[in-house]
Amino acid sequence: MILRLAAATAALALLAAPALAAPNEGAKLDVIAQDFVRLTLEAGEREPGYVDAYYGPAEWAAAAKAKPREVPALRAEADRLAAALKAVDGKALSPDEVRRKAFLAGQVKAAQTRLAMLAGQKFSFQDEAEGLFGVRPPLKPLSAYDPILAKIDKLVPGEGDLATRVSAFQARYTIPTDRLEPVMKAAIAECKARTEAHIALPKGERFDLSFVTKKPWSGYNWYKGDAHSLIEVNTDLPTPISRAVDLGCHEGYPGHHVLNALLEEKLTKGKGWVEFSVYPLFSPQSLIAEGSANYGIKLAFPGEEKLNFERKTLYPLAGLDPATAQTYDAVTGAMADLASVQNTIADLYLSGKLDKEAAVAALAKYALSSRAKAEKSLSFIEAYRSYVINYNLGQDMVRAHVERAGPSQDARWTRMEAVISQPTTPADLAK
Ligand SMILES: [Zn+2]
């Protein structure tokens, strides 16, 4: 009996051997992923802000805090993980695991780049962006944006320079401070309803909203795990009415909150892929996150729908005149074509070709902003450097990928859900 059983087991093992080859290569990814999380957490101890979110095992964070390796050791570890990933046989992986491996490779390359920067290595703007975010941004000269300024000039007639005129025009559309909370809440609720009509949100997902000051950004989603986000809105500068829906979609639905909650549900918990429990800010994941968050606005409010919702619901809530909504929408729409000028100005400033004063002047002129807003944009560039490409280039890449699904809204939402719930790399967006 015992003998027969043993023989049967041996036969089974022989039969199962070829099928087991795949899980073995897949299991290597599990080990690499765990080491990657540890590396990321320790790098986070060496650079504040390196880790944007973490909700994995608390003891890993405690261990990283207690004994973080020095930057040279972390660089060596990142190199080791890159080599280990390369050695994983892609032919023995399932299609899911192939994507997992590609995602991890991008994240590890970003760690190598960021740690090199921490060690004092200097990169050109394009090399830095490519190393961190997995895509080389094209840079247009400032003069390429002049025809767009000329177009906007016709929309906002009057005396004086265009940036001052546009700022004065926009100031008329500021949400009064005491109306900010109800307007933001109404906008987020609408973004959520439109997202929920297409994507099943994780059970119990929720967010807290708070208003803050003295930050280089205008809004931030802090993902806490368990489908919970803290959304912060910065009130240092006046918030124009169009920002309510933008922020609601970008930080909330179908933007950062939904992306993080879906990745947690489907990958971290669903598949046990621990690398998704940590989010290194300077990584290709940010190109996917910022790009999908920005494109999510247009997806949730196609055509005239944003204007119609703002006119009907948000303008009255903010005490603004709905009859003027169309003109304002036309100006903000035309300004969208200026988004990528941030990359050019960041490159010129970070490489020393523009000094601080000239960079602020260029931001005011080409982003059509007040001096205060231009200074805020420059402080963002100083803090986050080539990260600026994620908003505009990321958006263009997500848009092109999603809209390749054709004109059907349902098909577009299906593609969007795949982008924000699977391991997606910038290269995947080219498909
Ligand atoms: Zn964002």
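Read-outs throughout are calculated quantities, based only on the coordinates presented, and are distinct from any laboratory measurement. All of these numbers come straight from a predicted model, not from anything done at the bench. Cβ placement follows ideal geometry from the backbone for every residue including glycine, while neighbour counts extend to all protein chains displayed.
Label-to-label distance for residue 351 and residue 422 is 3.7 nm, based on points extended 7 Å past Cα in the beta-carbon direction.
Taking label positions 7 Å along the Cα-Cβ direction at both residue 193 and residue 379, the computed distance is 3.6 nm, reported to one decimal.
Calculated FRET efficiency, residue 46 to residue 79, Cβ-Cβ distance, R0 = 22 Å: about 0.85 to the nearest 0.05. For the range 97-192, trypsin sites (Lys or Arg not before Pro) meeting the loop criterion (DSSP other than H, G, I, E, B) and having at most 11 other Cβ atoms within 10 Å: 122.
You can think of it this way: the chain between residue 153 and residue 431 has 96.3 nm of extra reach, that is 0.36 nm per residue less the Cα-Cα gap. Take every DSSP beta bridge whose two residues both sit in the chain; close to 60 percent of them are antiparallel. How large is the helix-only mean residue ellipticity at 222 nm for the chain, computed as the sum of -39500 (n - 2.57) over DSSP H runs with n ≥ 4, divided by its residue count, in deg cm²/dmol to the nearest 500? Taking each H run of at least 4 residues, the total per residue is -19000 deg cm²/dmol. Using a Förster distance of 60 Å, how high is the FRET efficiency between residue 177 and residue 119, based on the Cβ-Cβ distance and rounded to 0.05? That pair, residue 177 with residue 119, gives E of 0.85. The lysines within cross-link reach of residue 373, meaning a Cα-to-Cα straight distance under 20 Å and a gap of 8 or more places when in the same chain, are 214, 215, 356, 365. For the range 159-206, the C-alpha radius of gyration divided by 2.2 N^0.38 Å, with N the number of residues, is 1.82. With R₀ fixed at 60 Å, the C-beta to C-beta distance from residue 164 to residue 67 puts the FRET efficiency at about 0.65. If you look at the Cα atoms of the range 233-300, you get an Rg and a Dmax of 13.7, 43 Å. Restricting the range 335-397 to trypsin sites (Lys or Arg not before Pro) that sit in a DSSP loop and have at most 15 other Cβ atoms within 10 Å of their own Cβ leaves 353.
Across every direction, the projection of the convex hull enclosing the Cα atoms of the chain has a mean area of 24.5 nm². Longest stretch of the chain clear of exposed loop sites (GluC sites (Glu not before Pro), DSSP loop, at most 11 other Cβ atoms within 10 Å, sites excluded): 160-303. Under a Cβ-Cβ cut-off of 14 Å, what is the net charge of the residues other than residue 131 that fall near it, where Lys and Arg count +1 and Asp and Glu count -1? Within the 14 Å Cβ shell, the charges total +2. Largest first and in whole Å, the equivalent-ellipsoid semi-axes of the range 10-133 read 31, 18, 11, each the square root of five times a Cα gyration tensor eigenvalue. Expressed as a whole percent, the proportion of Cα-Cα pairs in the range 270-352 lying more than 16 Å apart is 71%. Electrostatic bookkeeping for residue 195 treats Lys and Arg as +1 and Asp and Glu as -1; over the other residues with beta carbon under 11 Å from its beta carbon, the sum is -2.
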